[in-house]
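Worksheet for the structure shown next.
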Amino acid sequence: MNNNDTIKKTLIVAVSLCLVCSALISFSAVELRDLQEANKTLDKQSKILSAAGLLKEGGDVTELFESIEARIVNLETGKFDYQINLDEYEESAFSRNPSTSIELTANNDIALLKRRENFQTVYLHYSMEKLNAIILPVRGYGLWGTMKGYLALQPDLKTIIGLEFFDHKETPGLGGEIDNPKWKATWKGKEVYSDSGDVLISVIKGSVDRSSSQAKYQVDGLSGATITSNGVTNLLSFWLGDMGYGPLINTLKDQESKDV
Ligand SMILES: Cc1cc2nc3c(=O)[nH]c(=O)nc-3n(C[C@H](O)[C@H](O)[C@H](O)COP(=O)(O)O)c2cc1C
């Protein structure tokens, strides 16, 4: 028998290999954590810019993002909050903590969030000192998980500039078509509120009848993905309504300068 074929040697090789591999995995996980976080932030920034139609091909995201002003909004009062440090705000921590969030009921939890944070970050883009776009974080359940994205509105606070998702678990080719540029392009120019302020925007089943008076509030459904499509309708209804940014939108509408 070859001397290397003993149980002891086999075990030593196996254990050493495991130790080396786990050390390598731990090292890369720790070393790459900062890089992963930085990439996540960059991706969110590019989606915010893209939703607002500000992402230029080949443009530097960090540089372009300098034109965006982030602010914390108190969702209850609809006013901007200057006490909470923007760098310390974390959506998931705020939405889990009972002192900074509310529990939603079966009646009002249309986006299936369970809890809603009392504060959110919103993004403003000014050009020539005039508000050019307001970009609102939105999220809600699709078929497989929570879809997270950004909705950008024009200064009239009802016309959509764009809708972008940066995180979801929907099936590629079905619900995953929420990332399809052609579908995303159909959101531009749609309106979210009726003249009396009701949230009317929805993803319908099938194609929008362009001659219909409701067409400006409707977006084509994703075929074979009605659950995801309804999820998008529900998350927009929630975040544009009284439990979401409704109070902020009303405050901004009341201010001629669109600033509070
Ligand atoms: C493997 C698999 C993945 C699916 N993924 C999605 C999805 O991401 N979003 C969705 O709405 N429906 C998805 N569906 C289909 C739903 O179960 C359901 O049939 C569909 O939403 C109904 O839409 P329709 O009325 O447009 O056909 C999936 C089905 C299967 C079998």
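The values are calculated or read from the model by the stated rules, or taken from the named source; none is laboratory data. The structure displayed is predicted, hence computed values, not measured ones. Glycine also receives a Cβ, built like all others from the backbone with ideal geometry; neighbour counts cover every protein chain displayed.
Arg71 meets the conditions (1) surrounded by 13 or more Cβ atoms within 10 Å (Cβ to Cβ); (2) without any contact (Cβ under 8 Å) to a residue 60 or more places away in the chain; (3) charged (D, E, K, R); (4) closer than 23 Å to His168 by Cα in every case but one. The failed one is (4). Could you check, for region 134-154, whether at least one of its residues is surrounded by fewer than 21 Cβ atoms within 10 Å (Cβ to Cβ) and more than 16 Å from Gly231 (Cα to Cα)? The answer is yes, given that some residue of region 134-154 is surrounded by fewer than 21 Cβ atoms within 10 Å (Cβ to Cβ) and more than 16 Å from Gly231 (Cα to Cα). Checking Ser237, Ser229 one by one, the residue that is within 16 Å of the ligand (Cβ to nearest atom), surrounded by 19 or more Cβ atoms within 10 Å (Cβ to Cβ) and either at pLDDT below 95 or part of a helix (DSSP H, G or I) (or both) is Ser229 and no other.
Number of residues in region 205-217 that are over 17 Å from Leu157 (Cα atoms) and crowded, with 18+ Cβ neighbours inside 10 Å: the value is 1. Looking at region 107-117, is at least one residue touching a strand residue (DSSP E or B) at 6+ places or on another chain (Cβ under 6 Å), among the acidic types (Asp, Glu) and exposed (fewer than 12 other Cβ atoms within 10 Å of the Cβ)? No, the conditions are met nowhere in region 107-117.
Which residue out of Ala93, Ala23 is over 27 Å from Lys190 (Cα atoms) and assigned by TED's automatic domain parsing to the domain that holds Arg115? Steps first, please.
Details: Ala23 fails: assigned by TED's automatic domain parsing to the domain that holds Arg115.
Within the list Ala93, Ala23, the selection yields Ala93.
Among the candidates Leu222, Leu248, the residue that is at pLDDT 95 or above, within 16 Å of the ligand (Cβ to nearest atom) and among the hydrophobic types (A, V, I, L, M, F, W, C) is uniquely Leu222. The condition (being in contact with a Ser or Thr (Cβ under 8 Å, 6 or more places away or on another chain) and of a type in the set (Lys, Arg)) is satisfied by just one residue among Lys130, Lys158, Lys205: Lys205. Inclusion of Pro172 among residues that are assigned to a loop (DSSP other than H, G, I, E, B), assigned by TED's automatic domain parsing to the domain that holds Ser237, within 22 Å of Asp43 (Cα to Cα) and not basic (Lys, Arg) is warranted.
Would you call Asp195 more than 15 Å from the ligand (Cβ to nearest atom), under 27 Å from Arg71 (Cβ atoms), charged (D, E, K, R) and not in a helix (DSSP H, G or I)? So Asp195 fails the test.
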